[in-house]
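What follows is one structure encoded as structure tokens, with my remarks underneath.
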Amino acid sequence: MSDLIPFAQPNVTPPALPGSVTVQHETEDLLDAAASDLLLHAFNCVRAFGDFHLALSGGSTPLPLYQRLMIDPKYRELPWNRTHLWIVDERRVGFESELSNFRAIDEILVEHSGIPREQVHPIMALQDDADVAYERQIRESMFFREKGQDRLDYVLLGMGTDGHTASLFPHSPALLDSLDVERRQPQVGKLIAINAGPKVTPPDRVTMTYALLNGARFVAVLVTGAGKRATLAKVAAGKDDPALMAELPILGVRPRVGELRWYLDAAACPEG
Ligand code: 6PG
């Protein structure tokens, strides 16, 4: 595991976020830290369970990480032949669309990784029952795991400037469905949801819910660039206030027994 690296500039302090925080001054070094941890998790899971269930996000932030995994010889070792690849969320468009998360992941990673196609699980987002079908696929592929170990091993999330993660947008229906509003905490229930309506940035989405994300063994949140700094400051300030989850959905990411780790570059860190 990479440790928190002290900063060259004394005026940049890692924000106090829920979980642990890995900071690297340069984005390139941050990608290295994230890739090394990912590799370690993959090997550990393959050793323990025989396979590795990896869920990846779309958006622009993780694409250089995916490229790094394919290009850097250090990371080519990832045991793709034992990996199942899941998609955290998908836009309800065809795979030919520029907006398709799977399209980007497929082009950068799947085609070059050597992962067996039957272990790649795109979301069939245009199907009416996309949520039900994907949930069924996840449950079926975990069926062989011992009870308690039947969960995603590694989830990579991003964060939007509005505090959304996956396709759980502030005050959107899928978010509210997967929050226990009364107890102000994420609830256990549906693993995959369709998210649509005025609170969802178009197009409509299919997304993993808190129930699935928070069951994961390890959740990495990768945030880079100055554009996310103000949002991270809000997340740090609100981390002990469950009432803010509907406003800043990333705050609902609290693995039940797994680990949450943020990966930040200096540009993304709010001033301490
Ligand atoms: C998506 C993502 C989403 C993403 C954030 C951050 O489909 O867009 O899965 O949750 O991680 O929107 O996006 P950027 O990395 O592009 O800032």
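The values are calculated or read from the model by the stated rules, or taken from the named source; none is laboratory data. Fair warning: this is a prediction, and the values are worked out from it, not measured in the lab. Note: ideal-geometry Cβ built from the backbone for every residue, glycine included; neighbour counts use all protein chains shown. Protein only, heavy atoms only, side chains kept; ligands, DNA and RNA dropped before computing areas. Shrake-Rupley method; radii C 1.70, N 1.55, O 1.52, S 1.80 Å.
Let's test the formula: R0 of 25 Å, r as the Cβ-Cβ distance of GLU271 and THR161. What FRET efficiency results, to the nearest 0.05? My answer for the efficiency is 0.90. With all protein chains in place and a 1.4 Å probe, the accessible surface of the chain carries 53 percent carbon and sulfur. Taking label positions 7 Å along the Cα-Cβ direction at both VAL188 and HIS171, the computed distance is 3.1 nm, reported to one decimal. Counting only Cα atoms, the size of the chain along its three principal axes is 49, 47, 38 Å, in decreasing order.
Which residues in region 29-47 place their backbone N less than 13 Å from a point set 7 Å from the Cα of GLU77 along the Cα-to-Cβ direction? Inside the label zone: 36-44.
Could you tell me what a quarter of the Cα convex hull surface of region 8-62 works out to, in nm² with one decimal place?
Averaging across all directions leaves 5.4 nm² for the Cα convex hull.
For the chain, averaging the sequence separation of C-alpha pairs within contact (under 8 Å, six or more residues apart) and dividing by the residue count gives a relative contact order of 24 percent. Taking label positions 7 Å along the Cα-Cβ direction at both ALA230 and ASP180, the computed distance is 3.5 nm, reported to one decimal.
Taking every protein chain into account, the accessible area of region 179-238 amounts to 41 square angstrom per residue (probe 1.4 Å). Taking 0.36 nm per residue of sequence separation and removing the Cα-Cα distance, the LEU126/ASP106 pair yields an extension gain of 5.4 nm.
From its DSSP helices (H runs of at least four residues, each -39,500 (n - 2.57)), the chain gives a residue-normalised ellipticity at 222 nm of -7500 deg cm²/dmol. Here the scattering of region 96-229 is modelled by Debye summation over its C-alpha atoms, one equal scatterer each and no solvent; at q = 0.09, 0.17 Å⁻¹ the log10 of I(q)/I(0) is -0.29, -1.11. Under the combined filter of DSSP loop state and at most 13 neighbouring Cβ atoms within 10 Å, region 85-191 retains these chymotrypsin sites (Phe, Trp or Tyr not before Pro): PHE143, PHE144.
Find, among the trypsin sites (Lys or Arg not before Pro) in region 77-184, those assigned to loop by DSSP (not H, G, I, E, B) with at most 12 other beta-carbon atoms within 10 angstrom.
Taking region 77-184 and a limit of 12 other Cβ atoms within 10 Å, the loop trypsin sites (Lys or Arg not before Pro) found are LYS147, ARG183.
Computed about its Cα centre, the charge dipole of region 21-267 is approximately 520 debye, with only Lys, Arg, Asp and Glu carrying charge at their Cβ. Computed on the Cα trace of region 7-124, the radius of gyration divided by the Kirkwood hydrodynamic radius gives Rg/Rh = 1.00. In loop segments of region 180-272 as defined by DSSP, the GluC sites (Glu not before Pro) with at most 16 further C-beta atoms inside 10 Å of their C-beta are GLU182, GLU247, GLU271.
Taking 0.36 nm per residue of sequence separation and removing the Cα-Cα distance, the MET70/VAL257 pair yields an extension gain of 64.3 nm.
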